[in-house]
Amino acid sequence: MPAVLGFEGSANKIGVGVVRDGAVLANPRRTYVTPPGTGFLPGDTARHHRAVILDLLQEALTEAGLTSQDIDCIAYTKGPGMGAPLVSVAVVARTVAQLWNKPLLGVNHCIGHIEMGRLITGATSPTVLYVSGGNTQVIAYSEHRYRIFGETIDIAVGNCLDRFARVLKISNDPSPGYNIEQMAKRGKKLVELPYTVKGMDVSFSGILSFIEDVAQRMLATGECTPEDLCFSLQETVFAMLVEITERAMAHCGSQEALIVGGVGCNLRLQEMMETMCQERGARLFATDERFCIDNGAMIAQAGWEMFRAGHRTPLSDSGITQRYRTDEVEVTWRD
């Protein structure tokens, strides 16, 4: 019954989780929140993570009812993500592994999301829509790899939403995407925005540039409200994501779809995906904010799978990488 401790800190969330044989024993998390109209810088984010990570470690062990002797492996996010926060967390993970004399595992952040989603929902072999602030990919498993069937060719969908939130000075607490979702529920007018699907890939930079350019003029002239713009942006970008996910499902012959990543919490996205799945006779799987948003348990769960499959990360290879594609990892723990 191996117990794995996972550290996640690739962006503005810092989390420490404990997983043992499919059970999430602890999953505390903190968020670095910046003022409205601003984003989070790597250096400031790293300082936030360093200030709270040891408290989170103790909190996770206490919540799990375990001691260092009960932990069998230390897992941490190797990448992708922001450099300074990744380094801060990796240093702590390496130090803890050496102090406790435990094996170390560097985990791909994207695969952490997928394995967490599979664990919580019970999906067996889904087509995965992975949507977050740093990544947008449509993924399916084949021959020991998570294959990328489509992705953004520029910025991630979450980054598009976050940067639009800055234009309207929307609060970053608890997250700009959540606040856009709430405002969109009150939107009544659909503003036509660029819809950019290129085969299996999507592009969000043009939509963002367009809406940044017209937002203040349209608001000043009363053509629309901030709520209308939030509604229109959500409807447009989510329709693009549903389209490429459905195309991947058709290609793979899949009857399951799984949404993971922070944007996957959005209930409107889940609703649109559910409609598509029902029309195909397929099932949709999704999780709530506890497991969609970056967290330590997802790294622990992926680490648990890797640990049981015999993976280990030597100290000489225990660095981080800001670019670490999902399909680079050999998935030896699946048939």
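The values are calculated or read from the model by the stated rules, or taken from the named source; none is laboratory data. Small disclaimer: the values here were computed from a predicted structure and weren't measured. In this analysis, Cβ positions are derived from the backbone assuming ideal geometry, glycine residues included, and neighbour counts consider all displayed protein chains. Please note that ligands, DNA and RNA were not included when accessible areas were found on the heavy atoms of the full protein model with its side chains. Shrake-Rupley method; radii C 1.70, N 1.55, O 1.52, S 1.80 Å.
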Count the DSSP beta bridges whose two residues both fall in the chain, then state the antiparallel fraction as a percent rounded to the nearest 5.
-> 55
So what is the relative contact order of the chain, in percent, for Cα pairs below 8 Å that sit 6 or more residues apart?
-> 27
Give me the number: length gained by fully extending Ala23 to Asp70, i.e. 0.36 nm times residue separation minus the C-alpha to C-alpha distance, one decimal in nm.
-> 15.4 nm
Taking all protein chains as present, what is the carbon and sulfur share of the accessible area of the stretch 125-286, in % to the nearest whole number, probe 1.4 Å?
-> 48
Rounded to whole angstrom, the alpha-carbon centroid of the stretch 158-206 lies from that of the stretch 47-123 at a distance of 31
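Please return the longest range in the chain lying between exposed loop sites, taking GluC sites (Glu not before Pro), DSSP loop only, at most 15 other beta-carbon atoms within 10 Å, and leaving the sites out. Intermediate results must be reported in sequence, preceding the final value.
Numbers: sites that count: Glu143, Glu192, Glu223, Glu330.
Maximal segment without exposed cleavage sites: 1-142.
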Which peptide among 125-132, 48-55 comes first, and what is the full order, when sorted by highest mean count of other Cβ atoms within 10 Å?
-> 125-132, 48-55
From the P(r) of the chain, can you give the percent of Cα pairs sitting at distances over 38 Å?
-> 14
How much FRET efficiency would the formula 1/(1 + (r/R0)^6) give for Met200 and Asp317, where r is the Cβ-Cβ distance and R0 is 35 Å, rounded to 0.05?
-> 0.60
Between Gly79, Gly206, Gly253, which gets the highest mean-square fluctuation from a Gaussian network model of the chain, Cα cutoff 10 Å?
-> Gly253
Label 7 Å along Cα→Cβ of Thr275; the stretch 169-209 residues with amide nitrogen under 11 Å?
-> none
Candidates Tyr146, Tyr76, Tyr195, ranked by Gaussian network fluctuation over the chain, Cα under 10 Å, top entry | Tyr195
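Starting from the Kirkwood Rh over alpha-carbon pairs, what translational D in µm² s⁻¹ does the stretch 160-230 have by Stokes-Einstein at 25 °C and 0.890 mPa s? Before the final figure, lay out each step's value.
Working: Rh = 12.8 Å.
After rounding, the answer is 192 µm²/s.
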Residue list for the stretch 274-307, given a label point 7 angstrom along the Cα-to-Cβ vector of Ala250 and an amide N cut-off under 15 Å = 276-282
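So, with +1 on the Cβ of K and R and -1 on the Cβ of D and E, and no other charges, what is the size of the charge dipole of the chain about its Cα centre, to the nearest 20 debye?
It comes to approximately 460 debye.
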Please list the non-local residues whose amide H lies under 5 Å from the amide H of Ile155, H modeled 1.01 Å from N, same-chain partners needing a gap of 5 or more.
-> Phe204, Ser205
Sorting Ile207, Met298, Ile180 by the position of each Cα along the dipole of the stretch 178-335 (Lys, Arg +1; Asp, Glu -1; all at Cβ), the one nearest the positive end of that ordering is Met298
Computed over the stretch 125-286, the relative contact order (Cα-Cα under 8 Å, seq sep at least six) in percent reads 28
Taking a quarter of the surface of the convex hull around the Cα atoms of the stretch 125-286, what do you get in nm²?
-> 9.1
Using a 1.4 Å probe, what is the accessible area per residue for the chain, in Å²?
-> 41
